[in-house]
Amino acid sequence: IIEPAAEALENQAWVNAMATGAFVVQYAAMPTFQAALDWKKGVPALSEARIVAVYRPRQNLAYFVVVAGPFPSRALATESGNARGKPGGAWVRTMRSLRGQFNSEPVAAGPLQESRQ
């Protein structure tokens with residue numbers, strides 16, 4: 001079993017400290033912490049982004065998402081995600097959605113938990 005990098009787990013605490021109504025922008029999802037770190041290093045506009053360990057439902061192996069935030073509204077998150085120098089294909093996520101992926105147990109997602117930009 002490969003354990004998530006300590007930094008990725010620490011960033012879960014960063015997410016947990018955010019207000020429930022906050023949003024983040026997700027830019028990438030990678031199978032390893034190192035792949036996420038290498039990808040992030042290639043995008044200077046995301047120097048402040050964080051890499052967070054998450055799990056797919058019924059999977060025991062973590063994967064790693066590159067996220068920026070928090071933002072108090074979906075509109076501000078969307079605006080930031082579309083800013084110059086940031087990669088296309090980013091999507092806005094709610095805190096509930098992201099926190100729901102912090103363990104490998106099945107999680108029931110409510111409607112409109114995530115939206116692609």
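Pairs linking a residue in region 43-56 that is in a helix (DSSP H, G or I) to a residue that is open to solvent by 50 Å² or more (accessible area, probe 1.4 Å), with Cβ atoms under 6 Å and 6 or more positions apart or on different chains, are Ala45/Gly85; Ala45/Lys86. Taken over region 1-56, the criterion of being of a type in the set (Phe, Trp, Tyr) and over 15 Å from Gly100 (Cβ atoms) is satisfied by Trp14, Tyr27, Phe33, Trp39.
Count of region 57-79 residues, restricted to those that are within 23 Å of Trp39 (Cβ to Cβ) and either modelled with pLDDT of 95 or more or in a loop (DSSP other than H, G, I, E, B) (or both), is 13. Suppose we keep only residues that are open to solvent by 60 Å² or more (accessible area, probe 1.4 Å) and more than 14 Å from the chain's Cα centre (by Cα) within region 43-66. Which one would you say is farthest from Thr94 (Cα to Cα)? Of everything passing the filter in region 43-66, Pro44 is farthest from Thr94 (Cα to Cα).
Can you work out which of the residues in region 67-88 that are of a type in the set (A, V, I, L, M, F, W, C) and without any contact (Cβ under 8 Å) to a residue 40 or more places away in the chain is least open to solvent (accessible area, probe 1.4 Å)? Among residues in region 67-88 that are of a type in the set (A, V, I, L, M, F, W, C) and without any contact (Cβ under 8 Å) to a residue 40 or more places away in the chain, the one least open to solvent (accessible area, probe 1.4 Å) is Ala83.
Which residue out of Val52, Val66, Val92 is among the β-branched types (Val, Ile, Thr) and more than 22 Å from Glu7 (Cβ to Cβ)? Give the derivation first.
On the way: Val52 fails: more than 22 Å from Glu7 (Cβ to Cβ); Val66 fails: more than 22 Å from Glu7 (Cβ to Cβ).
Only one candidate qualifies: Val92.
Taking region 41-67, which residues are basic (Lys, Arg), touching a strand residue (DSSP E or B) at 6+ places or on another chain (Cβ under 9 Å) and more than 12 Å from Val25 (Cβ to Cβ)? Reasoning before the result, please.
So in region 41-67, the residues basic (Lys, Arg) come out as 41, 50, 56, 58.
Remaining after also requiring touching a strand residue (DSSP E or B) at 6+ places or on another chain (Cβ under 9 Å): 50, 56.
The one that is basic (Lys, Arg), touching a strand residue (DSSP E or B) at 6+ places or on another chain (Cβ under 9 Å) and more than 12 Å from Val25 (Cβ to Cβ): Arg56.
Taken over region 1-42, the criterion of being in a loop (DSSP other than H, G, I, E, B), open to solvent by 50 Å² or more (accessible area, probe 1.4 Å) and not acidic (Asp, Glu) is satisfied by Ile1, Ile2, Ala17, Ala19, Thr20, Gly21, Pro31, Thr32, Gly42.
The values are calculated or read from the model by the stated rules, or taken from the named source; none is laboratory data. Remember, it's a predicted structure, so these values are computed and weren't measured experimentally. All Cβ positions, even for glycine, are placed from backbone atoms using ideal geometry, and neighbour counts span all protein chains on display. The protein model used for the area step is the full one, side chains on, heavy atoms only, and it has no ligands, DNA or RNA in it. Shrake-Rupley method; radii C 1.70, N 1.55, O 1.52, S 1.80 Å.
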